[in-house]
2 protein chains.
Amino acid sequence: MAGKGVMLVTGGAGYVGSHTIIQLLNNNYSVVAIDNLINCYAEKNKKPESLRRVEEITNKKVIFYNVDIKDRAALEKVFKAHKFDCVIHFAALKAVGESVQIPLTYYQNNIAGSSTLFEVMRDNNVKNIVFSSSATVYGIPQFLPLTEEHPTGQGCTNPYGKTKYFVEEILKDVCTSDPEWKVILLRYFNPVGAHESGMIGEDPSGIPNNLMPYISQVAVGRREKLLIYGDDYDTPDGTGVRDYIHITDLAIGHVNALNKINESGFKGCRAYNLGTGKGYSVMDMVQAFSKVSGKDIKYEVVGRREGDVASSYADAQLARDELNWVATKGILDMCRDTWKWQVKNPKGFQGT
Amino acid sequence: MAGKGVMLVTGGAGYVGSHTIIQLLNNNYSVVAIDNLINCYAEKNKKPESLRRVEEITNKKVIFYNVDIKDRAALEKVFKAHKFDCVIHFAALKAVGESVQIPLTYYQNNIAGSSTLFEVMRDNNVKNIVFSSSATVYGIPQFLPLTEEHPTGQGCTNPYGKTKYFVEEILKDVCTSDPEWKVILLRYFNPVGAHESGMIGEDPSGIPNNLMPYISQVAVGRREKLLIYGDDYDTPDGTGVRDYIHITDLAIGHVNALNKINESGFKGCRAYNLGTGKGYSVMDMVQAFSKVSGKDIKYEVVGRREGDVASSYADAQLARDELNWVATKGILDMCRDTWKWQVKNPKGFQGT
């Protein structure tokens, strides 16, 4: 393969994976994507619909394998078939509530699976990786904005969050054990929005766990009303404040992380927040979405959800300084692109 | 099988496993042991030597399978062949220094392996487990003595310690997800000594990682001298202070834990320290061993070892109150039994 290098993207058919692949292809990386398709729509024996559209958007090809990272033999085959310069590791289960219900499935997929992937990487001498982590590793914020120095792993109240923290620790230990590894941990705040084309976007199966897809499904008439979990938080309007980041900004952050890993002198393991540094409340988002879509968003305020914090937002300075990355899109962009995706694909990938 | 119940003991051929099996058999439990034998001596196609001797000591039989907990299919077979009342889970890699060198092997064995074991337990409706944890989960002590309420997972500096902490968290989450599980986490301080018969004991391969086998091998002439890592700690004689516990006391603690799990009303996940509550320094142990063995223990003081703390000892009150368990053996017992084992088996199990 030609271009800047060959990337293995695990979980490549998912929301963050597919948007990142667009940016990789646009930056002349070659991409091999794997996914077990448990949360993605694909016609039988075909490429997942999200990646089919990525190819349409970019007019470039993605090599795809239906492979689960827990399957060592299948992973080995992929590593034998291609010479990877770097792995971008998205593959994980990610529903907080579900992780409380079926923790072993989460530990098996996210930790045992990652650990198997890292072993196969080591055995094939591929030691560069960008890991899809989360601001959830910070637990309950001890101070705001959250810097990368904020303690991690304390007060992670759900198995999903713990798996992100544990995998970060595993990668740190791998770097300590072998100086050839180069690792970047990207701690996402709240990715929302969709590709500007409206052709790909977030496509949760069942009831959305996250705010934006929920708002969007209410706006399009697929759900009756939004439930707002608590309006008595210590925030300007009482609803929870989060750092929403446009998925395209987030995706570009991965390209910058690759540039960083490829800098001479880069070594070991570094963590970077990917957020805008600005916090918006649930009500802010509802109003912005209503404005952009021209739709009334029906909502009902209900009780707080266990484990939710009042506010969480990033200090985004380190990524600016070291990755030369900054989020450029605001909440109107986020709402506009979500809405475009929703209107074009009212039932997600499957309904089209 | 008859008796009080059928126990699956993972890592049953190891140091703590084999001593615990004696106590289980003596208390009329039936035992099925599994072990992957990577740290145990067994003649080809025979029962591991440690378990052969357990049978000789107790005049009872142990069913043994050469099974690795990472091997789901093999575990399934064992669970289909027997109806277990409880699992006692010892199987783990345990060398702190090695865990820094080959972290992925530790994460794969200790976390992925445990997670697979728990899934097989769940699938076979075996939901009682005693887990072999460690005081290492407390990290650097924030206060002494260490109570079970001391924070865990903070400042665990090595992958071995992290795996114990992570497995504790996994088991807590499993209990939250399914109230049928009954879990006891036993946090060992520093197990030493040997069965009073001198027939089984600690048999480290290569250079011992722990103080007592090292002292003992110096006393018997197998090693030239003991290295003492630092004599400038803030302790009475400057050497590190630890809570040593006789392996027989520790083993009995598991029987008490089983009784606790079988109490009506026991539910969820409980952690107990197994220690004496008394701290002894390296020099205390050298002197006691010298006295008991009549041998001069040559030693050399060298620099501190990274990650070592000055003092660590248990608050043993909770196990006393809730498990009705207390350590009864002192350091002279610990040294005497270690010495008996060493003299009878100067080269461990293999040399006999």
Seminar exercise, completed: With DSSP loop assignment and no more than 16 other C-beta atoms within 10 Å, the GluC sites (Glu not before Pro) in region A:270-352 are A:GLU306
For this session: Any chance you could look up the accessible area of B:LYS278 with a 1.4 Å probe, heavy atoms only, rounded to 10 Å²?
Result: 110 Å²
Problem set entry | Full-stretch length increase - B:LYS77, B:ASN28 - with 0.36 nm per residue and alpha-carbon distance subtracted | 15.2 nm
Exercise. Of all DSSP beta bridges located in the protein assembly as shown, what percent are antiparallel, nearest 5?
Worked result: 5 percent
For this session: Mind listing the long-range amide H neighbours of B:ILE228? Cut-off is under 5 Å, sequence gap 5 or more, other chains count too, H placed in the peptide plane at 1.01 Å from N.
Result: B:GLU300, B:VAL301, B:VAL302
Problem set entry | Separation of the B:TYR229 and A:GLN350 label points, Cα + 7 Å toward Cβ, nm | 5.4 nm
Seminar exercise, completed: Calculated from DSSP helices alone, with each H run of at least 4 adding -39500 (n - 2.57) and the total divided by the residues of chain A, [θ]222 nm to the nearest 500 comes to -10500 deg cm²/dmol
For this session: Nearest to the axis that maps chain A onto chain B: list the chain A residue whose Cβ wins, with the distance in whole angstrom.
Result: A:ALA112, 2
For this session: Would you mind pulling out the separation of the Cα centroids of region B:278-352 and region A:309-352, in Å?
Result: 58 Å
Exercise. Ranked by accessible surface with a 1.4 Å probe, highest first, in what order do A:VAL326, B:VAL302 come?
Worked result: A:VAL326, B:VAL302
Problem set entry | Positive minus negative residues near A:GLU43 (Lys, Arg vs Asp, Glu; Cβ under 12 Å) | +3
For this session: Any chance you could look up the accessible area of B:ASP68 with a 1.4 Å probe, heavy atoms only, rounded to 10 Å²?
Result: 40 Å²
For this session: For region A:244-352, just say rounded, prolate or oblate: build the C-alpha gyration tensor, square-root its eigenvalues into a ≥ b ≥ c, call rounded for a/c under 1.5, and beyond that prolate if a/b exceeds b/c, oblate if not.
Result: prolate
Problem set entry | Average beta-carbon neighbours from other chains, 10 Å sphere, peptide B:130-137 | 0
Exercise. What are the label-to-label distances in nm, one decimal and shortest first, from A:ASP71 to the same spot in the other copies, with labels 7 Å along Cα to Cβ?
Worked result: 2.3
Exercise. In terms of solvent-accessible area of protein heavy atoms at a 1.4 angstrom probe, what is the ranking of A:THR157, A:THR163, highest value first?
Worked result: A:THR157, A:THR163
Problem set entry | Those GluC sites (Glu not before Pro) in region B:145-178 that DSSP places in a loop and that have at most 12 other beta carbons within 10 Å | B:GLU149
Problem set entry | Gaussian network model of chain A, springs between alpha carbon atoms under 10 Å - residue of A:GLN108, A:GLN154, A:GLN142 with greatest fluctuation | A:GLN142
Problem set entry | Partnerless cysteines, meaning none of the other Cys C-beta atoms lie under 4.7 Å away, in chain B | B:CYS40, B:CYS86, B:CYS156, B:CYS335
For this session: Just the number, please: percent antiparallel of the DSSP beta bridges in region B:1-110, rounded to the nearest 5.
Result: 5 percent
Problem set entry | Rg and Dmax of region B:89-248, Cα atoms only, in Å | 17.7, 54
For this session: For chain A, give the share of DSSP beta bridges that are antiparallel, in percent and rounded to the nearest 5; count only bridges with both residues there.
Result: 5 percent
Exercise. Quick one: label points 7 angstrom along Cα→Cβ at B:THR105, distances to the other copies in nm, smallest first?
Worked result: 3.4
Seminar exercise, completed: Applying the gyration tensor rule to the Cα atoms of region B:1-47 (axes a ≥ b ≥ c; rounded if a/c under 1.5, else prolate if a/b exceeds b/c, else oblate), the class is prolate
Exercise. How high is the FRET efficiency between A:ASN59 and A:ASN324 when r is their beta carbon distance and R₀ equals 41 Å, given to the nearest 0.05?
Worked result: 0.90
For this session: May I ask for log10 I(q)/I(0) of chain B at q = 0.08, 0.10, 0.13, 0.15 Å⁻¹, from a Debye sum over the Cα atoms as equal point scatterers with solvent left out?
Result: -0.36, -0.57, -1.01, -1.39
Exercise. What fraction, in whole percent, of alpha-carbon pairs in region B:183-228 exceed 14 Å separation?
Worked result: 59 percent
Problem set entry | For B:104-116, mean number of other protein chain Cβ atoms within 10 Å | 6
Problem set entry | Sites A:LYS295 and A:ILE140, calculated FRET efficiency, Cβ-Cβ separation with R0 45 Å, nearest 0.05 | 0.85
Seminar exercise, completed: Amide H neighbours of A:GLY268 at under 5 Å, excluding residues fewer than 5 places away on the same chain, with H built from the backbone geometry, are A:VAL183
Exercise. How big is the Cα convex hull of the protein assembly as shown in projection, averaged over all directions, in nm²?
Worked result: 32.2 nm²
Problem set entry | Separation of alpha-carbon centers, region B:155-224 and region A:173-195, rounded to whole Å | 32 Å
Exercise. Loop-only check: which trypsin sites (Lys or Arg not before Pro) in region B:50-122 are DSSP coil with at most 11 other Cβ within 10 angstrom?
Worked result: none
Exercise. Inter-copy label distances at A:ILE207, 7 Å along the Cα→beta-carbon direction, one decimal in nm, shortest first?
Worked result: 5.9
Exercise. In sequence order, what are the phi-derived ³J(HN,Hα) couplings for region B:69-80 according to the Karplus relation 6.51 cos²θ - 1.76 cosθ + 1.60 with θ = phi - 60°, rounded to whole Hz, with x for glycine and proline?
Worked result: 5, 6, 8, 4, 5, 5, 4, 4, 4, 4, 5, 6
Exercise. In terms of the Cα gyration tensor, with a ≥ b ≥ c the square roots of its eigenvalues, is region A:52-111 rounded because a/c is under 1.5, prolate because a/b exceeds b/c, or oblate?
Worked result: oblate
For this session: Please state, as a whole number in µm²/s, the translational diffusion coefficient that the Stokes-Einstein equation yields for region B:171-283 at 25 °C and 0.890 mPa s, with Rh defined as the Kirkwood radius across alpha carbon pairs.
Result: 146 µm²/s
Problem set entry | Shielding of A:151-157 by partner chains, average beta-carbon count, 10 Å | 2
For this session: Please give the solvent-accessible surface of B:SER30 in Å², to the nearest 10, using a probe radius of 1.4 Å with every protein chain present.
Result: 20 Å²
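The values are calculated or read from the model by the stated rules, or taken from the named source; none is laboratory data. Just so you know, these numbers come straight off a predicted model, no measurement behind them. Cβ atoms come from the backbone with ideal geometry, glycine included; neighbour counts cover every protein chain shown. Calculation scope for accessible area: heavy atoms of the full protein, side chains included, ligands and nucleic acids excluded. Shrake-Rupley method; radii C 1.70, N 1.55, O 1.52, S 1.80 Å.
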